[in-house]
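Shown next, in structure tokens, is the structure this report addresses.
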Amino acid sequence: MHGAKPGYGARIFIKDEAANPSGSFKVRRAATSIYHAKKLGFKGVISATSGNYGAAVASQAAMAGLKCIVVQECYDSHGLGQPEIIEKARKCEALGAEVVQLSVGPELFYKFLLLLEETGYFNASLYTPFGIAGIETLGYEISTQFQERFGRDPDVVVCTNAGGGNLTGTARGLLKAKVASKIVGASVNLAGLHMASDGQFNRKSFTTGHTGFGVPFSSWPDRSDVPRSAARPLRYMDRYVTITQGSVFYMTETLASLEGLEKGPAGNTSLAAAFALAQEMSEDQMILVQETEYTGAGKHVQPQLSFARENGIRVFLGDPKDEIPGENLILPSHPSLIKASEVDLDHIRKSLIKTALGNCGTAPTEADIAFLAEETRKDEAFVRKVIVELT
Ligand SMILES: Cc1ncc(COP(=O)(O)O)c(C=O)c1O
């Protein structure tokens, strides 16, 4: 591999999920929900999502003959939206959904709940057990395909992480297939930008797969639109890394130029991280990037970069380590500058325990401590130590 030390540079494989209905792995998630909604006799389904999942729900609802409403956060208060989000809204509409386009802010879930009540439709949330179970097929398939082709499993599986369902479902599928690959979560680094801020909404160049979702959802999965989320990424992650926006754009262009594979931003987030991780691994090892997504008008690098420039973001070639989300976007001047930054998982674990204690109100029971040990993938001694620190 280019840039790796002699003997290093693991091989990178990509599981192409872009050919699924609606163009991403998200259909695995939607298919099980919509099947269930149909079986229970619902007339329609609703989903609150900023993108690919909406299109996936729309495609499955259309195939099942159900009505579909997608509630989407599209614009800032000036009515301006990122090309990628607008692209996804169009895609949902093209697949027959009614898209309720909202501006950024707390009204998303409020409006979503009102619509659920008014219509009596099924809540095809991203976070139900049906959705996550659907993603298990992806993990299982990876194992089958690797075994067929190489007679072994990948050493590392990299999953783009936002709300955590992608990583959770894939990891569970791998575990069911008795695969012991290391699971690495990867997110685009958007540190410092607030997701619910009107002024910052359009200062980011990624709409998912970023730390703005990945960090809060890993720290507290139950912040979603169901009482208990089935996406619990901290239970499965061996490592969590971030990568810069510019590095992902660079890798997107590289994949298109070298392999002729034009893919969208989310899966390429893992690819950029995998490229960096491969340099530390020996050349006989294998890394799998477990999904790609389709690309299209608004998702391409050019409209996203033009939009960034129009919003005052400085775009230039340089060292990605100098990238400041919301201020500049640095395309690596050399591929050797693409680095993955480690997220401190213990910090996230402590944050989860802190929130759990705050919500609990009373002293945690033995059962609570056992649960938190599983939640954080640590032992009970770790949980007890954190509790002592916190109190
Ligand atoms: C193509 C693609 N990959 C990865 C992700 C991240 O998945 P999750 O939110 O389950 O972590 C998303 C979510 O929006 C996506 O659309």
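A compact table of results
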| read-out | value |
| --- | --- |
| Hits in the stretch 304-351 - residues which are closer than 30 Å to ALA381 by Cα and among the charged types (D, E, K, R) | GLU342, ASP344, ASP346, ARG349, LYS350 |
| Odd one out for GLY105, checked against (1) within 16 Å of the ligand (Cβ to nearest atom); (2) in a loop (DSSP other than H, G, I, E, B) | (1) |
| Selection from the stretch 58-81 of residues that are crowded, with 16+ Cβ neighbours inside 10 Å, out of contact with any helix residue (DSSP H, G or I) (no Cβ under 6 Å at 6 or more places or on another chain) and farther than 23 Å from PHE42 by Cβ | TYR75, GLY81 |
| Every pair of residues 6+ apart whose Cβ atoms lie under 6 Å, when the first sits in the stretch 311-326 and is more than 14 Å from VAL188 (Cβ to Cβ) while the second is at pLDDT 95 or above and part of a loop (DSSP other than H, G, I, E, B) | LEU317/SER333; GLY318/SER333 |
| Condition met for ILE348 (part of a helix (DSSP H, G or I), over 24 Å from the mean Cα position of the chain (by Cα) and not charged (D, E, K, R)) | no |
| Selection within the stretch 133-164 - polar (S, T, N, Q) and within 13 Å of the ligand (Cβ to nearest atom) | THR160, ASN161 |
| Pair list, Cβ < 6 Å and 6+ apart or interchain, from the stretch 292-306 residues that are more than 14 Å from LYS263 (Cβ to Cβ) to residues that are at pLDDT 95 or above and of a type outside the set (S, T, N, Q) | LEU305/VAL315 |
| The stretch 46-68 - residue that is over 22 Å from the mean Cα position of the chain (by Cα) and not in a helix (DSSP H, G or I) and, of those, nearest to the ligand (Cβ to nearest atom) | CYS68 |
| Complete set of residues in the stretch 1-44 that are part of a helix (DSSP H, G or I), surrounded by fewer than 19 Cβ atoms within 10 Å (Cβ to Cβ) and away from the ligand (no atom under 16 Å from the Cβ) | TYR35, HIS36, LYS38, LYS39 |
| Residue ranges of helices (runs of 4 or more DSSP H) in the stretch 192-291 with at least 1 members touching a Pro at 6+ places or on another chain (Cβ under 6 Å) and away from the ligand (no atom under 15 Å from the Cβ) | 245-259 |
| Failed item in (1) part of a helix (DSSP H, G or I); (2) within 14 Å of the ligand (Cβ to nearest atom); (3) among the hydrophobic types (A, V, I, L, M, F, W, C), with LEU174 passing the rest | (2) |
| Qualifying residue in the stretch 340-347 (condition: closer than 26 Å to VAL158 by Cβ, among the aliphatic types (A, V, I, L, M) and in contact with a Gly (Cβ under 6 Å, 6 or more places away or on another chain)) | no |
| Any hit, the stretch 161-171, residues being surrounded by fewer than 20 Cβ atoms within 10 Å (Cβ to Cβ) and part of a loop (DSSP other than H, G, I, E, B) | no |
| For LEU95: the one exception among (1) within 16 Å of the ligand (Cβ to nearest atom); (2) without any contact (Cβ under 8 Å) to a residue 60 or more places away in the chain | (2) |
| Residue match in the stretch 99-110 (condition: open to solvent by 30 Å² or more (accessible area, probe 1.4 Å) and either in contact with a Ser or Thr (Cβ under 8 Å, 6 or more places away or on another chain) or within 29 Å of VAL158 (Cα to Cα) (or both)) | yes |
| Single residue of LEU126, LEU114 found to be modelled with pLDDT of 90 or more and over 22 Å from the mean Cα position of the chain (by Cα) | LEU114 |
| Residues located in the stretch 78-102, provided they are part of a loop (DSSP other than H, G, I, E, B) and either in contact with a Phe, Trp or Tyr (Cβ under 8 Å, 6 or more places away or on another chain) or among the acidic types (Asp, Glu) (or both) | GLY81, GLN82 |
| Residue within the stretch 133-150 that is at pLDDT 95 or above, in a loop (DSSP other than H, G, I, E, B) and either within 21 Å of GLY267 (Cβ to Cβ) or not small (Gly, Ala, Ser) (or both) present | no |
| Where GLU117 falls short, out of the listed (1) open to solvent by less than 70 Å² (accessible area, probe 1.4 Å); (2) out of contact with any His (no Cβ under 8 Å at 6 or more places or on another chain) | (1) |
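The values are calculated or read from the model by the stated rules, or taken from the named source; none is laboratory data. Keep in mind it's a predicted model, so treat the numbers as computed, not measured. Here the Cβ is made from the backbone with ideal geometry for all residues, glycine too, and neighbour counts use every protein chain on show. Please note that ligands, DNA and RNA were not included when accessible areas were found on the heavy atoms of the full protein model with its side chains. Shrake-Rupley method; radii C 1.70, N 1.55, O 1.52, S 1.80 Å.
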